[in-house]
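Notes to accompany the following structure.
The values are calculated or read from the model by the stated rules, or taken from the named source; none is laboratory data. If you're wondering where the values come from, they're calculated on a predicted model, not measured in any experiment. Please note: Cβ atoms are built from the backbone with ideal geometry, for glycine as well, and neighbour counts cover all protein chains shown. Each accessible area value is taken on the protein alone, full model and side chains, heavy atoms only, with ligands, DNA and RNA left out. Shrake-Rupley method; radii C 1.70, N 1.55, O 1.52, S 1.80 Å.
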Amino acid sequence: MTKPFKSYQQVSSLFIVAILSLAFVGPTRAQEPVNPPTPATPAIHKAELHQALLDLTNPFTVMCVAAHPDDEDGTTLTMLRRKFGVHTVSLFSTYGEGGQNAVGPELYEELGVIRARETMAAARIQGSEPYFLGLKDFGFSKSADEAFRIWGHDEALRRMVLKIRELRPDVIITNHDTTSGHGHHQATGRLILEAFDAAADPKKFPEQLSQVKPWQAQRLFVRIFGANNKPAATDKVVAIDPNEVDTVRNSSFAEQALDALQEHATQGPWPKTIEDLMRMRGGSGDKLSLIRYQLVREAPNTAALVADSIPFLAGLKVADSLSYHITPFKTQDAALTDFLDQPVVVLESLIEWRKSNPSVEASSPDPQRAQMMKARFDHALAVAANISMRMTSGDEVLIPGNKTNFIVNLENNGDRSVNIDKVKFAGWGQNLQVKAADQLLPDTEATGTVEIVTPASAKITVPSARHLYDGLLFGNNFDATAEVEVDGVPFDLSSESQLEVVPAIEILSVSPSPCVRTEEMLGRCEAFELKLVNHLATRFRGTTRVEIPGQQGNVVTAELPLVMAPGETRDEKVAAKKPFPDRKALAELRRSSSIQISIIDKDKTSITKATVPVVYSDAHVAAGLQVGYVPSFDQTIERSLAALGVAAKALTTDEIKSADLATYNTIIIDNRGYEAHPELVAANSRLLDFVNNGGTLIVFYHKPNEWNPDPKRNRPQLAPFPILLGDERVTDETAPVKLLHPASPLLNFPNKIRLSDFDNWIQERGLYYPKEWDKHYAALFSMNDPGEKPLSGGVLVAKYGKGNYIYTSMVWYRQLRAGVPGAYRMFANMISYGRR
């Protein structure tokens, strides 16, 4: 008799392989005729059943550690789960909130929320579980030391050790070493090496031992890149073939991983196909290269790493008490996964096994692993029996002090009756019994309801960006569990949900925020545009109040009645009672630091509030400016021009092609505008004509692969004189700035630019600096990170025909968005350039 999945025996002595290695292929009444074929199982259910069975063959956990979302080894994670049934988890140092946003205006914590959700969507495709350390992503870093200065080395190590002790991986993998690339990658690579040993040492972070026990991972692998991807044969190396096809899902593991990668939309655009991916990487042929990992750490007495087995896990064993033996079918030589079209065979096999092993997990010396395998077995039984449970809420969100119904629905789409022994609900620290039917007949469903009050003291969890680091990112957890029984075999069903806690009236957005006042617009922010939603099922009557905090108490500048229908979402404008009377009063506005907007109920109680930061910049612009701009992903340009009191209009590509551009003094192409609007490349000659005829064109930063000339993409040189971008950047936001041409009109009108204008910058100075440019350009600034050569291409300006062309790689958009005063002064000079 052949033994399918033979290599699994080398891994775990048939740990529940038993359950399925499944030399186990059918019920014990094997002498009886095999059940007649059942109707074909739907492809989706078949894949789910196959995965559930495969999961029973592998009791091991592999953890992939990465610095940011999208850094995970998606292909490897996908293969481990989808081919071998390994329990896979990913651990991310940060939420990626310091990066750029390729699809929208959100940055910082708002971006971190999106990337966390993108990571969860990608993980579902990979079959893995994502976890986060919640260390701050402060933008691109060039060294691990800088990362540790921000994170705190000991705190970062403490968090990683705790997660290893909680998740208990048998093997850890990463694509981060200790010296290459992003400083966050280097720091994460160093942390893994330390945490591998520290997690097993009870003397390290002993305060954690009241929650978890020390845990020793068995092996640590680091991915090999570049020329090192072909190591000597003697090295301890594991290779993954990304081209291998998953026959159940009819796609390669690399294709599935690419599908997962595309969920990280804010970091795109990503290749659509493997062929596109290979072209992007400069490869040739029709196959991706092998993915290789070097074994860099082993626990004492770990079995030798042998070939021809499950990647990373070869030779590892679990306790003998967790290894089981199951009597195989007598009539056929097949694996249980060969019966996906006959779920009744699978179901009877699982039932028979459980009857023969009713409490194998109870006495396990490794209860957490045993519990994981029990949960996997229960899931396989539920899938085979076609029984499911789903918990929903009668409300999409929760309001403190309000009642909410949670509905638990059990559905039996199988052909056997199900006994329902107990249904439980857990939430807000309570464990409640849910009344439900005692029995669920085939093709029927049962529903139970539990009512619970959201505590008045419940913490508001919106906006999510405020809760990126406090454990309430996705709201509060609620769980339902049902103890059921089929053919005398008990098992558990479970369902969980996460719900946000919101105020009765939520302020979804405030504009403008921050409030930037300049000398041109000192009276700005007398009025705000709010987006409000009434979460109540009843009409709300109250007041919207605007206050300016001051030394003598808050000054109420607006107080308007607010009436909202149940569930209504509304755009609301709120304005000051009267304009500020004179320049003396306006001078007070230069000292304002914030404005508070509150929603007050009929009992004069504040329901919710939003604080708008206020920033003042002594920036002036040339008189009579008419500015056009091509936006990319956010409204920073629009809001900055409004703060300067400039007449401005957003331009479409069609307008660039056909409108009379001579009506504008200045046109701005926003960050990565040629990437956001690819059709703009074909219209670029119109922009150069605009400059030649006397206009000023400002182009904010682009990436090299979306700017540099590329005949394959029909992209010519976009600037009037050549500019070739590189990957250089200045990441230190405090890097000293040198003025190379102090007398340049661009640095003197209408504002004289001072070195102090570069104070209080955030995150970085600039990125994707030009590495070559034509002699027609004047470089205005020089700056560099510590220990590196100066970069002088941050702002390039050239005369072209009657007009002027400005290309800048400095991150003005981050500074303008944050209200950095000096950035507004320089921005005012750029849009005023060429005027007197």
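Packing here is the average count of other Cβ atoms within 10 Å per residue, and on that basis the peptides 625-633, 73-81, highest first, run 73-81, 625-633. The residue among L167, T179, G189 whose Cα reaches farthest toward the positive pole of the charge dipole of the range 148-204, with charges on the beta-carbon of Lys, Arg, Asp and Glu, is L167. Protein heavy-atom accessible surface, 1.4 Å probe, per residue over the chain: 44 Å².
The distance linking the range 441-478 with the range 245-271 is 31 Å (Cα centroid to Cα centroid, whole angstrom).
Sort 559-572, 471-484 by the packing proxy (mean of other Cβ within 10 Å over each peptide's residues), most packed first.
Peptide ranking by packing, descending: 471-484, 559-572.
Using θ = phi - 60° in the Karplus curve 6.51 cos²θ - 1.76 cosθ + 1.60, the 3J(HN,Hα) couplings for the range 437-446 round to 4, 7, 9, 10, 6, x, 6, 9, 9, 9 Hz; x is entered for Gly and Pro.
Rounded to whole numbers, the Karplus 3J(HN,Hα) couplings from phi for the range 454-467 are 6, x, 4, 8, 4, 6, 5, 10, 10, x, 4, 4, 6, 10 Hz, using 6.51 cos²θ - 1.76 cosθ + 1.60 with θ = phi - 60°, and x at Gly and Pro.
Of the residues L740, C515, W773, the one whose Cα sits farthest towards the positive end of the charge dipole of the chain is L740 (charges of +1 on Lys and Arg Cβ, -1 on Asp and Glu Cβ, taken about the Cα centre).
Taking 29 Å as the cut-off for C-alpha to C-alpha distance, list the pairs among K236/K789; K83/K287; K83/K374; K83/K712; K374/K459 that go past it. Flagged as over cut-off: K236/K789; K83/K712; K374/K459.
With +1 assigned to the C-beta of every Lys and Arg and -1 to the C-beta of every Asp and Glu, and no other charges, what is the dipole magnitude of the range 335-432 about the Cα centre in debye, to the nearest 20?
With Lys and Arg at +1 and Asp and Glu at -1, about 380 debye.
The convex hull drawn around the Cα atoms of the range 742-806, when projected onto a plane and averaged over every direction, covers 5.7 nm². Between the listed residues P69, G152, L107, the Cα displaced farthest toward the positive end of the dipole of the range 55-162, a dipole computed from Cβ unit charges relative to the Cα centre, is found at P69.
Packing, as the average of other Cβ atoms within 10 Å across residues, places the peptides 391-401, 267-277 in the order 391-401, 267-277, highest first.
Mind listing which trypsin sites (Lys or Arg not before Pro) in the range 598-637 are in a DSSP loop and have 11 or fewer other Cβ atoms within 10 Å? Answer in residue order: K602, K604.
If you take the Cα centroid of the range 494-522 and the Cα centroid of the range 746-815, the two points sit 33 Å apart. Taking amide H atoms as placed 1.01 Å from N in the peptide plane, the amide H of N804 lies under 5 Å from those of G695, T696, L697, each 5 or more residues away in sequence or on another chain. Cysteines in the chain lacking any other cysteine Cβ under 4.7 Å from their own Cβ: C64. Ellipticity at 222 nm from helices only: DSSP H runs of n ≥ 4 in the chain, each -39500 (n - 2.57), divided by the residue count, give -7000 deg cm²/dmol. Here the accessible area is traced with a 1.4 Å probe on the protein chains. For the chain, carbon and sulfur cover 50 percent of it.
Overall dimensions of the chain, expressed as equivalent-ellipsoid semi-axes from the Cα gyration tensor (√(5λ), whole Å, largest first), are 55, 35, 24.
Given axes a ≥ b ≥ c from the Cα gyration tensor, I'd like to know whether the range 93-157 is rounded (a/c under 1.5), prolate (a/b larger than b/c) or oblate. Note, shape of the range 93-157 comes out oblate. Here, the range 678-836 is characterised by an Rg to Rh ratio of 0.95, where Rg is the alpha-carbon radius of gyration and Rh the Kirkwood radius.
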